[in-house]
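Each remark here refers to the structure printed beneath this line.
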Amino acid sequence: MINRIVLIVLLASLGGCSTQKSQGESLVEESILAHGGLRNYTHLQDFRYEKTSYPLDAEEKINDTLVQLFEIPRLGTTILITKDSLRITLENEVVQTSKPLVSDQQTYKGIIEGANFVFFQPFKLKDQGAQIEYLGLRSPSFSKKPLEQIRVTYPNSNDTWYFFFEPETKYVLANAVDHNGKISLILNDSLQWHKNLFVHSRRRSFLSNSNFELIRLQASYKYKMLSVE
């Protein structure tokens, strides 16, 4: 009898975990559809945008400006890198051209991959290895109304990601990342349609605590969609 009760409890627990996972994956699929659909993302061509970053100091004053260019299918930035060459430009003027070291290639490859992981959400949540857990409808302090929330982890990373969705539209309104105990929360202040995808327009990054309460503004970002020449 005792063994039977233990088995029932175990099965109920496993069923709950499965439900959380399936709810999270279903939410991601609904959000992908709301942001333009997976087909439009996987068949993306001639997609180019300019990202301007404004990092702030501890007093929330802008201390720098960084402009980067990204292009699909040729993924590049203001630092353009190929197998044989590295070209760095500053305000449209070439300041360095050389053959890149292997370490250079890995560094800039990481920059590009990181930027695309953040920009192409929720589509990147379909990447292999994403472990998605549905956390339910919650009321974070940065939102005037409850949002649906998921937690995402990856097998080869210690970072924990959180995504917040508008319940009716399924748009991604915010995301947060816990990196070694430091939590950055990024709000999608506005979104825009480009190439049949609903993507970033303006965003703000805040230092936050584990309850996603905003501590201070860290940076702001502006995204300008460009035509491919």
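We did not get these values from a lab; they are worked out from the coordinates using the rules stated. As the structure is a prediction and not an experimental result, all values here were calculated from the model. FYI the Cβ positions are ideal-geometry reconstructions off the backbone, even for glycines, and counts take in every protein chain you see.
Structural remarks
- Inter-centroid distance (Cα atoms) of region 20-51 relative to region 190-217, Å: 16
- At full extension, Leu135 and Asn180 could sit 14.1 nm farther apart than now, given 0.36 nm per residue minus the alpha carbon distance.
- Legend: calculated FRET efficiency, Asn196 to Asn116, from the Cβ-Cβ distance at R0 = 22 Å, rounded to 0.05, equals 0.80.
- Packing order of peptides 37-48, 201-212, 163-174, highest average first: 163-174, 201-212, 37-48 (average count of other Cβ atoms within 10 Å over each peptide's residues).
- Checking the cross-link pairs Lys124/Lys224; Lys61/Lys170; Lys61/Lys126 against a 30 Å limit on the alpha carbon distance flags Lys61/Lys170; Lys61/Lys126 as lying beyond it.
- Trypsin sites (Lys or Arg not before Pro) restricted to DSSP loop in region 113-166 with at most 10 other C-beta within 10 Å: Lys144
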